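*Asks:* Got a structure for you, written out below as structure tokens; questions coming shortly.
The numbers here are math on the coordinates, done by the rules we state, and not lab data. Just so it is clear, the structure is predicted and the values come from calculations on it, not from any experiment. Virtual Cβ from ideal backbone geometry, glycine too; neighbours counted across all protein chains shown.
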Amino acid sequence: MKTAELQYADIAGTKICFRDSGQGRPVLFLHGTSASLGVWDGVMAGLGEGYRTIAVDQRGHGRSSKPERGYSQRDFARDILGLAAHLGLEDVVLVGHSLGARNAIVAAAMEPKRIAGVIAVDYLPFVEPEVIDNLEHRVLGGHREFNGFDEIVDYLAERYPRTPRKALEARALYGYEKRGKHYLPLAEPEAMRGTVDSFRTDFREAFTEVRGPVVVVRGEKSAIVSERAFLLAKELRPDFDYVTVPDCDHYIPEAAPEVVLEALLANFPPNER
């Protein structure tokens, strides 16, 4: 990793790591639970001129602070809005996956004047409690030691069978570090437990209040957003744009980055130079 590309900001006492590049329309990318800013490499590689991209390690993840507590949806949203203010950004597009999708919706509802719109990838209100229980078990089960980089990637390939190996290499590169003789995930168990617990608080109010444009993207084979949850969201906010990605699971930004890229280009075109 080119660590020189990584920057840090103190947002109300929380260190937030991010990568900032390009000029033009500001787009802030927010990863999912247990991931890090590297999951957006495939999407950002397809963007041309006219965009300023800021990929973020959210609190508890990557190289950002991992406090003992403070993982409510509003805690995450305040980090997002605080970073945007720190960087002097206005009319920001928020692109979030899973945890990041929830946080993007909440942040946009909290401060609509700063946020131009949202692309919410594979997370919605109405996710069933048993899905969150399964997510907690899966996320906490991912904390283990590895002997080398290739072993990490092989492990990730088993967990994410529809995700290309190149994307898994980026996930491994940004999301793990060597400590002593072994590699460990940067996503620590207690931070992940607090993050998953935050999903048990409904964010239907924010989803109801947020202003458009909002694009909702769901993987046809998602294990997180059921068809029921997708239909209920459509009933609640029929004014949003809804996209289903055929034969794709939850990990759309890595498995089908072109879908996120198309939604971004179509709904939030680059600023003219």
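*Asks:* With respect to the cross-link table entries Lys178/Lys221; Lys113/Lys166; Lys15/Lys113; Lys166/Lys221, which display a Cα-Cα separation exceeding 27 Å?
*Replies:* Details: Lys178/Lys221 34 Å; Lys113/Lys166 37 Å; Lys15/Lys113 25 Å; Lys166/Lys221 21 Å.
Long pairs (Cα-Cα over 27 Å): Lys178/Lys221; Lys113/Lys166.
*Asks:* Leaving out same-chain residues fewer than 8 places away, which aspartates and glutamates sit with a Cα under 17 Å from that of Lys181?
*Replies:* Glu145, Asp150, Glu151
*Asks:* Separate question: In a Gaussian network model over the chain where Cα atoms closer than 10 Å are linked, find which of Ala107, Ala191, Ala12 has the largest mean-square fluctuation.
*Replies:* Largest GNM mean-square fluctuation: Ala12.
*Asks:* Plugging the Kirkwood radius over Cα pairs into Stokes-Einstein for the stretch 186-242, at a temperature of 10 °C and a viscosity of 1.306 mPa s, what D comes out in µm²/s? Display every interim value, and only then the final one.
*Replies:* On the way: Rh = 13.3 Å.
Result for D is 119 µm²/s.
*Asks:* Continuing with this model, one more query. Gly117: net charge of surrounding residues, Cβ under 14 Å, Lys/Arg +1, Asp/Glu -1, itself excluded? It would help to have the intermediate numbers written out before the result.
*Replies:* Values: positive: Arg25, Lys113, Arg114, Arg211, Arg237; negative: Glu90, Asp91, Glu111, Asp239, Asp241.
Net charge around Gly117: 0.
*Asks:* Would you mind telling me the antiparallel percentage of the DSSP bridges in the chain, rounded to 5? Kindly include the intermediate steps, with their values, before the conclusion.
*Replies:* Values: 17 of 43 bridges.
Close to 40 percent.
*Asks:* Then there is this: Evaluate 2.2 N^0.38 Å with N set to the residue count of the stretch 71-221, then give the Cα radius of gyration divided by it. Spell out each step's value before the answer.
*Replies:* Values: Rg = 16.9 Å, N = 151, 2.2 N^0.38 = 14.8 Å.
So the Cα radius of gyration is 1.14 times the expected 2.2 N^0.38 Å.
*Asks:* Suppose R0 equals 35 Å. What FRET efficiency, 1/(1 + (r/R0)^6) with r the Cβ-Cβ distance, do Leu173 and Gln23 give to the nearest 0.05?
*Replies:* On the way: r = 26 Å, r/R0 = 0.73.
It comes to 0.85.
*Asks:* What percentage of all Cα-Cα pairs in the stretch 136-260 are separated by more than 21 Å?
*Replies:* Working: 4117 of 7750 pairs.
Counting pairs separated by more than 21 Å, the tail of P(r) holds 53 percent.
*Asks:* Amide H neighbours of Arg52 under 5 Å, counting only residues 5+ apart in sequence or on other chains, H built in-plane at 1.01 Å?
*Replies:* Amide H neighbours of Arg52: Gly24, Arg25, Val27.
*Asks:* With every atom except the alpha carbons ignored, what do you get for Rg and Dmax of the chain, in angstroms?
*Replies:* 17.1, 53
*Asks:* Sort out for me the Cα centre separation of the stretch 149-176 from the stretch 240-255, rounded to whole Å.
*Replies:* 19 Å
*Asks:* If you don't mind, another one. Using Cα centres only, tell me the gap between the stretch 130-146 and the stretch 82-112 in whole Å.
*Replies:* For the stretch 130-146 versus the stretch 82-112, the Cα centre distance is 26 Å.
*Asks:* Given the rule -39500 (n - 2.57) for each run of at least 4 DSSP H residues, summed and divided by the residues of the chain, what is its mean residue ellipticity at 222 nm, to the nearest 500 deg cm²/dmol?
*Replies:* Numbers: 11 runs with 106 residues, N = 273.
Using -39500 (n - 2.57) per qualifying helix, the result is -11000 deg cm²/dmol.
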